[in-house]
1. Return the tail of the calculated pair distribution for segment A:221-292, meaning the percent of Cα-Cα pairs more than 15 Å apart.
2. Over chain A, with a Gaussian network built from C-alpha contacts below 10 Å, which listed residue (A:Val175, A:Val219, A:Val228) shows the highest mean-square fluctuation?
3. Straight-line reach from B:Lys48: which aspartates and glutamates have Cα under 15 Å away, leaving out those fewer than 8 places along the same chain?
4. If A:Tyr205, A:Tyr4 are ordered by their accessible area, calculated over protein heavy atoms with a 1.4 Å probe, which sequence runs from highest to lowest?
5. Given charges of +1 on the Cβ of Lys and Arg and -1 on the Cβ of Asp and Glu, with all other atoms neutral, how large is the dipole of segment A:213-368 about its Cα centre, in debye to the nearest 20?
6. 222 nm [θ] for the protein assembly as shown, helices only, -39500 (n - 2.57) per DSSP H run of 4+, per residue, to 500?
7. Find how much the distance from A:Leu300 to A:Phe178 grows on full extension, using 0.36 nm per residue of separation minus their present alpha carbon separation; answer in nm with one decimal.
8. Give the range of the longest stretch in chain A that excludes all GluC sites (Glu not before Pro) found in loop regions by DSSP and having at most 10 other beta-carbon atoms within 10 Å.
Amino acid sequence: MPEYKISLRQLMIVTAMFTVGSGILLVPSGLASIAKQDAWIAALIGVLFGFGAVSVHLLLAKMYPTKNLMQICETLMGKWIGKAIGLLFLVTFFLCGPTTVLQEIGNFVTIQMMPETPIEAIILLFGAIMTLGARLGLEVLARSIELMFPWVVFLFTAMTLLLLSEVKLERTFPVFEFGALPLFSAALTFASVVFFPHIMLLMIYPASVNRPEQAYKAVYIGSLFGSVVLVIVIALTILVLGPSITAQSMYPSYMLAQKISIGNFLQRIEAVMAIMWFISLFFRLALYLYMIVAGLSIILGIKNRQALMLPAGWIMSTLAVFIYPNVAYRQSWDAKVWVPYTLVVGVFLPMLLLGLHGIRKLRSRKSA
Amino acid sequence: MIRILLILAVAALISWIELPRMIRRKERSAVWGFSVLLLLAVGISVAKVLFTSLPTPLTYIAIAFRPFSRFLTALGLI
């Protein structure tokens, strides 16, 4: 079976969807609780942090245009240490990334839309769809993202335009009330949810793109698109709901859609808006699962990666039921562990790899 | 009991979908990887049925990252 290569356009849309992914639902509340009415400024600083991290990833991709992340680890750290570090990275990422987001979907649906349905049923349905999507492989995922992308753009634009009548600029004042430190702290939270997991995209983009030398453009444009969407959503939550309601509610962007009311006629369309998040969360999760299993199969030397998808998806769905014992655990996890974890795997790991690459180059130059 | 039987039935279904093709193509490493993952999945599911409250695996990651997390907290960044 020949390896399928995605086009630059597909890579751009994949990156954009991956960026929007879970952030659109989870980020506004945490950001507003740290930075209050300056959350939108914090988001802009977070985008800067994120682009720093993404350019480190891209530098790594430029050095090794034919290898993916696991193969880069193996070349630079030696076969066994590279394999061990790669395995550790994949297992921890599997626990922190797709599994927790899957429970987040279950929480969201049971809290906001179907309070009488048990969370296991929703996790099972979503997990099964994501596993099937990941099982069909990168080609199917990339093409279906292309198909769904206009809908997400349309729903997002509709939501933004319909909310403009509710915007009150006074809600953002006073600007810089709490000084600079909360801004940086909130920006780090933003970047850790939205941008640092982009390290996982290194499984796709230099090696599985048909023109790897141009991949950086697609990744930059996709990330830019995703971050524009997120900054607009965060700014809207502050402008429409105000900082305190945003910080107190679990899913402020859903409340945002509930606020839409045009002439007491066009209202309660939040379910339509929820479709947008389901689409973006579906693709983020399916891509996570695909990339993690692809990495695992490379480490174990298995050519047929499709076969591993169903058991891996099953593990993901089962773990998702009890990965967070309760919401309080989730909040302390997001605040205290997730940020350092993503800093290590999303920023320090690629920097370490770049450093090793530099040392290797120096030594080969000396011996030559 | 019936729930454990259901789990085993699902495992059988998944093996029935995936295994024959792998065996026909004689992909030994794929069969190994598949069986280990499937065994893990069945194990976690059965454990979830037998014990109502399982500890979350995130605890170990939290312990591993505690020093770094404290350092960042001391800096005021998180």
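1. 66
2. A:Val175
3. Partners found: A:Glu120.
4. On the way: A:Tyr205 5, A:Tyr4 65 Å².
Ranked from most to least accessible, the order is A:Tyr4, A:Tyr205.
5. Numbers: 13 positive and 3 negative charges, 164 e Å.
Using only the charged Cβ atoms, the result is roughly 780 debye.
6. Numbers: 21 runs with 324 residues, N = 446.
Helix-only estimate at 222 nm: -24000 deg cm²/dmol.
7. On the way: separation 122, 0.36 × 122 = 43.92 nm, distance 5.06 nm.
Taking A:Leu300 through A:Phe178 to full extension adds about 38.9 nm, to one decimal.
8. Values: sites that count: A:Glu3, A:Glu116.
Maximal segment without exposed cleavage sites: A:117-368.
The values are calculated or read from the model by the stated rules, or taken from the named source; none is laboratory data. Just so we're clear, the structure is a prediction, and the values are computed from it rather than from any experiment. Every residue, glycine among them, receives a Cβ derived from its backbone with ideal geometry; neighbour counts consider all protein chains shown. Each accessible area value is taken on the protein alone, full model and side chains, heavy atoms only, with ligands, DNA and RNA left out. Shrake-Rupley method; radii C 1.70, N 1.55, O 1.52, S 1.80 Å.
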